[in-house]
Every structure is written in C-alpha cells, then in structure tokens.
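Beneath this line is the structure, given in structure tokens, with notes to follow.
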Amino acid sequence: MTLAADRVTRAAGGHLLLDGVTVACAPGTTLGLLGPNGAGKSTLLRLLAGLLAPDTGVVTLDGDPLPGLPRRAIARRVAVVEQQADTQVDLTVLDVVRLGRTPHRGTWSAESEEDRTAVREALAATGLTDRADQSWHTLSGGERQRVHLARALAQRPRELLLDEPTNHLDIAHQLDLLALVAALPITTVVALHDLNLAAMFCDHLVVLRGGRVVISGPPADVLTEPLIADVYGVRAHITHHEGTPHVRFLTAQGDQAVGKSSTRTA
Amino acid sequence: MSAVPTRLRTVPWYAAGLGLLAASVAAAITIGPASIGVGEVWRTVWAHLRGSEPVLTPIRDGIIWHLRLPRTLLAAVCGAGLAVCGVVLQSLLRNPLADPFVLGVSSGASTGAVLVVVLGVGGGALSLSAGAFAGAVAAFALVLALSRLLGGQLDRVVLCGVAAMQLFSALTSFIVLTAADAETTKGVLFWLLGSLASASWTEVAVAAGVLVAVLAVCLAHSRALDAFAFGEDAAAALGVDVARTRMVLLCATALLTAVLVSSTGAIGFVGLVLPHAARAVVGAGHPRLLPAAALAGAVFLVWVDTAARSVIDPQEVPVGVLTSLIGVPAFVVILHRTRTRR
C-alpha cells in the first residue's frame, strides 16, 4: 500500500472540482494523471499531498488517513513539485535543495551527515552539482524545475507528486526529467498534458474530465482513438510500437496529421 | 562546507557583534551636553550593578544611570525588536515591503495614545503607554479578524493591514483636529514621530523581556521561515504546520511591536531597511539572519538616537525623522546592490 484516494470530492465556489475520485498507486510505479484543463488534476494532487482536505472521502498513506498524520511525518514520506513555485528571496541552488531536509531536521540541530548526503545525491541525480552556488534568479524555467525536483529528492520521499513538471521545458529537458523520475524506485504521481510522454513514462494512467475518472489502466488500454475524441474533442491516429501507444493528431477537416506535439490538445 | 564548523565559525561573529553593541552603548552614553568619559560610565554602571556607593556626583550619576543608560538601552532593544519583526514579516508575508507596522499595529497605537492624551484618561506616561498598547492590540485584532473573514491567506493580511493603517491614521487625525489644542497637538506629533526621550528602566525591562521571548520563538521557527520562501503550499509540503506557524509568528511580532510602539512611538524604517541590510551581509537563512538583524538594528538605533539628541543641540530631533532620513538613501543603495547582483 502507498498513497490512495477513496471517493474524494472537493468543491470550490459552488463548483465541483473533484467528484468521487478513487485512485490507488502501486508501490514503486509511475502513475500519470491526464485530462483537459480544469479536469481536476492539480486539485487531486493537492489532496494526495494533504495540502487540501477533501470535502468527502479520504486520502490514505499506507492505509492511515492523512488528516490523522502530523504534517512533518507526511513531508518525510511525500514530496511535491508544484507547477510553478518562485521566490523573491535571494537563494542559491544549494539553499533551495537544502530546504528538502526541513522535515528531517530538528529545530536546533545542525545539518547531519545524512542531510548532507541526501542533498549531495539529489544534486548529482539532477545534474546540478556544478551549479550548487548559482543564484536561483539566474536560472531558466527548466533549470528551476530541475532544482525543485532536486529539492524534492533531498526529502528522500517514498512518494513523489509532480504537477505538470515539464511545462516550460524544451523537449530534451522534458525527456530528461521524466526519464529521471520514471527510473526512481519510488511511487510517483505526475500530472501531464503530453499524451505521448505519458505513454512513454507512466505505468498506469488515470484520465479525468470534469472532476470524474473517465478511465484508468495501462497506457495501451487507456489511450485509444475514441477516448481522445471523447475527452479532448480531438481526432487522433494511434499506432503501437513495442507495446507503447503513439498518438498522432489529425486536423478537424481531414486526415492530415498536424505535427507530433500533443501539447496542442492542451 | 560541513555545517558544524559553519555554525562554530559564526560564533566569533556574534561575539564581535555583541562587543560592537556594548561599545556603541558605552560610547553613546558619553555623548551629550554634559561631557562624561567612557571610564566614568563603566565605573558608574559597575557600582550600580554591585549596589555600592555612586562613584560620581549625584547629578552626573543621575545623567548616566537614570537618563542616558536607559535611553540608550531602550534604543538598542527597540532597534533589535523592530529589525526582528521586519525579518519575520517579510519572510512570512513574502513581501519585501512588509515591516512591523504593516499589521496596522503602529497606527492603532497612535490612535490609542491620542485618545488618552486628548480625552485626558488617567494621566502621565503610564496611561499613555497603556492606551497605545490597547490601540495596537485592537488594530491587530481587527486586521486578523478581517483577513480571516476574507479567506485567511497571507496576502489578505497585508491588504487588511494597509486598510487598518489608513483607518486608524484617519481616526487619529480626526481626533487631533477636532479635540486637541495646539500644545497637545505638538506633544502628540512628537510621539507619533517616535522618541526615546522618556525612556525609563521599567520600559527597558518590559521591552527587553518581550524581545528575548519573541526572538526565542522566532528562532524556534527559523527553519519554518526558510521553508516559506516558495509560498505557503511549499512550506506545508515541507512539513510546516502553516496555520499554526503563521498564527504564532504574527501574534509574537504584533506583541513585540505593540510593546515597542507603546514606549517609543512609531519609529519608521528600521523594521523595513535593517532586515534587507542584514540579508545582504549574512544571506537569507533565518537561523543566522535573525540574530544578525537584531544586532544590526540595535547598533543602528543606538547611533541614530544619539544623533537625534545631539545634532541640533539643545533641540531634539524626533528619532523617527532621522531613521527615515538615513533609511531611505540606505534602502535605495541596498536595493540597487541586490538588483545588480541578479
């Protein structure tokens, strides 16, 4: 068992953001959340992280309801990479990555050997070792996202939640980041817009629309032409390569393919 | 880059900072219309601490022990307190313009004090302080209630603070204009601009006690403050109990500000500028930043107050006027430096 949401509902301003969503992660796997804008992906991630409480239903970590666990205990297990988190504070890359040790450090205690190792390994895993002393404000959007991932890894989580981590990244960095995340031996939930990236890197997909689960299962079962037409309102042609589906989008008028980038569905 | 040596390496710096503060206090006491040497200051203080006979004439002894020493110490405590409040509020509210007065505390304090002066409730310095304190607490309670009503996010706190500031300044002006005579208005004005002239040992003791307690609370939350760099959600995801931390730190800083403002009036700019200055020197990590800002604020206000009571001898310039006159150019320089560094 790991993170699971059981029939969670969440409303805001009289509008249902999530409506009875049930999601269970398999330990060590990568779960992809798909769906059009406003489908409830970010809200579901916030619920899974315990940052937001469900109106009804329950989120559990190893079977224990999240509200019963101290924030600190949750943060030692679950790390979050937000869609975009910026700061006005003058910090270096190392400062930001060190923040990941916050839930592990006592109020008055100095940095332990374990803290230093975790930070060093997180920097190495994300290829940031040489940039530890660089100022946050001189980094590009993609680099900032990598720093946030390093910070999350420094938490030494067993569950990692990422909200559209590949936004603002060029294609090489998108592939890098997702390959890194998918290779981690931890349970990962990642909200994505790009269907092909989801098919490549996720073991399991959950498609949301209007706050409800439309379908869930392995990418090859989930990503079908009727589903994409139904959920996104876009015609697509799907081929399979070594068991991995590949989505090619078609224009509304004819069978002309419109490039490879599935971000057009966004 | 190991942390234990880093921590040890900072110890001499704090020792040096405390030494500088002690030297500043001693030097500041010697400055004034009656010329007094550093040696006389040390011997007088020592004699009082040991409870033995005064070593100087009663007048000179009184100038040191009852006038200049409490005043200088209150300046140090006040400067340290305002700087600490500034650091905490700027980090917590994620707003580089936040200062101890952004919570509406100082304008509430002035309304309370003005009410006491104009309506003549009680009489004497104590009831003035009490009125200021009551006003400060009332204003903060209003800001907290309003921001909770509007959703409780921290940006709401800033907006409500600004609203309360405007409301209470308007109230103060209204009371002064309609009810006060010229003499009272002058007294009120001096107090609004900030002054350490009425410092007493009681005020020093109260302010220092609250400062130590609040500084300890803030230091205990220093890692949580670090975690606020990327916002409340990020802090929560790092294991910080955001609602509790926010409440504890807002109340602690409001209490300290209320105590300081009720004994010195609103001394502007220290809480805004000194945190930025300290950050430029020791970095943004709160375990180091908080003590550094406290020391810098203390030394700064000791010297500014010394200047305030001696530049236009025998007239006294309200210390708040001088802190702003010095603070604004300093602020511009600091902001310019941090801009070019990026």
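Residue check: is A:GLY57 at the interface with another protein chain (Cβ under 9 Å from one of its Cβ atoms) and not hydroxyl-bearing (Ser, Thr, Tyr)? Answer is no for this residue. Mind checking whether some residue in the stretch A:109-125 is more than 8 Å from chain B (Cβ to nearest Cβ), under 24 Å from A:GLN174 (Cβ atoms) and more than 23 Å from the chain's Cα centre (by Cα)? The answer is no, given that none of the residues of the stretch A:109-125 is more than 8 Å from chain B (Cβ to nearest Cβ), under 24 Å from A:GLN174 (Cβ atoms) and more than 23 Å from the chain's Cα centre (by Cα).
Among the residues of the stretch A:34-54, the one identified as within 14 Å of chain B (Cβ to nearest Cβ) and surrounded by fewer than 17 Cβ atoms within 10 Å (Cβ to Cβ) is A:ALA53. Per the conditions (1) in a loop (DSSP other than H, G, I, E, B); (2) open to solvent by less than 10 Å² (accessible area, probe 1.4 Å), the sole criterion not satisfied by A:ASP90 is (2). For the stretch A:127-186, taking the residues that are in contact with a Pro (Cβ under 7 Å, 6 or more places away or on another chain) and more than 14 Å from every other protein chain (Cβ to nearest Cβ), the one that is modelled with the lowest pLDDT is identified as A:LEU177. Suppose the filter is more than 11 Å from chain B (Cβ to nearest Cβ) and hydrophobic (A, V, I, L, M, F, W, C); does A:LEU99 pass it? So A:LEU99 fails the test.
Results for (1) modelled with pLDDT under 85; (2) in contact with a helix residue (DSSP H, G or I) (Cβ under 6 Å, 6 or more places away or on another chain); (3) open to solvent by less than 60 Å² (accessible area, probe 1.4 Å), shown as yes or no for each residue.
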| site | (1), (2), (3) |
| --- | --- |
| B:LEU146 | no, yes, no |
| B:GLY151 | yes, no, yes |
| B:ASP155 | yes, no, no |
| B:ALA164 | no, yes, yes |
| B:PHE174 | no, no, no |
| B:LEU177 | yes, no, no |
| B:LEU196 | no, yes, yes |
| B:THR202 | no, no, no |
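Exactly one residue among B:ALA254, B:ALA266, B:ALA235, B:ALA280 is open to solvent by less than 10 Å² (accessible area, probe 1.4 Å) and either modelled with pLDDT under 90 or of a type in the set (Phe, Trp, Tyr) (or both), and that residue is B:ALA254.
A:ASP62 meets the conditions (1) open to solvent by less than 50 Å² (accessible area, probe 1.4 Å); (2) more than 13 Å from chain B (Cβ to nearest Cβ) in every case but one. The failed one is (1).
Taking the numbered list (1) within 14 Å of chain B (Cβ to nearest Cβ); (2) open to solvent by less than 50 Å² (accessible area, probe 1.4 Å); (3) not basic (Lys, Arg) in turn, A:LEU31 passes all entries but (1).
The values are calculated or read from the model by the stated rules, or taken from the named source; none is laboratory data. Small disclaimer: the values here were computed from a predicted structure and weren't measured. All Cβ positions, even for glycine, are placed from backbone atoms using ideal geometry, and neighbour counts span all protein chains on display. With ligands, DNA and RNA removed, areas are computed over all heavy atoms of the protein, side chains included. Shrake-Rupley method; radii C 1.70, N 1.55, O 1.52, S 1.80 Å.
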